Amino acid sequence: MIEIRDKRPDLIVFTEVNERWSDDINKKIGSEYPFKIEQPQDNTYGMLVYSKLELSEGKVLFKVDPKIPSIEAKVKMNNGHKFQLYALDLTPPMPQHNPLITDREKELILTAIASNKSKIPVIVLGDFNGVACTDSTQLTKTIDGLLDLRLGRGFYNTYHAQYPIFK
């Protein structure tokens, strides 16, 4: 929470949030973020969107898997312009997490198609559980024309932090 207080972001997406985490986050910074969309869950796919910017048409969707939410909302910036927010938490590409890897790709493709149809700018963010060079990421960028902010900015940890070799 110290980094959040230091940086003071206008919008935050929390992933892998359960009820206890949600309560703690709300107690610590909830009053600073008047706009919220919350879907805490105990299955590591809970998600929260906290915003200082006005959120409209916010909804929690279960597009592919009834246990994995995504969040969509329109965000009104300080200059009055809006953008479409898509917050995702995709399953890791590992059979023990989801034997149907096509589910994660389906969610990416559905989001890419919706992004392409949007009349306003789009930001897609969250935990993609993937790297920039995967076929699904490349296909998504082709369908919707989104830019990947990871490119050209160094290495980002995309592996389970409990494996000593990847720490």
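List of remarks:
- Given a 1.4 Å probe and the protein chains as shown, D127 ends up with an accessible area of around 40 Å².
- Sequence-distant lysines (8 or more away, or on other chains) whose Cα lies within less than 28 Å of K27: K7, K36, K52, K59, K67, K74, K76
- Within-12-Å neighbourhood charge of I120 [Cβ basis; K, R +1; D, E -1]: +4
- Karplus-derived HN-Hα couplings along region 49-60 (A = 6.51, B = -1.76, C = 1.60, θ = phi - 60°), whole Hz, x at Gly and Pro: 10, 10, 9, 8, 8, 4, 9, 9, 6, x, 7, 9
- For region 1-127, taking Cα atoms only, Rg and Dmax work out to 14.9, 45 Å respectively.
- Cut-off under 5 Å, modelled amide H: who pairs with G58 long-range: K74
- Phi to ³J(HN,Hα) by Karplus 6.51 cos²θ - 1.76 cosθ + 1.60 over region 10-22, Hz, x for Gly, Pro: 6, 9, 9, 10, 9, 10, 6, 9, 9, 4, 5, 4, 4
The values are calculated or read from the model by the stated rules, or taken from the named source; none is laboratory data. In this text the structure is predicted, and so the values were computed from the model without any measurement. Here Cβ is always computed from backbone atoms with ideal geometry, including for glycine, and neighbour counts include all displayed protein chains. Ligands, DNA and RNA are excluded from the accessible area calculation, which covers all protein heavy atoms including side chains. Shrake-Rupley method; radii C 1.70, N 1.55, O 1.52, S 1.80 Å.
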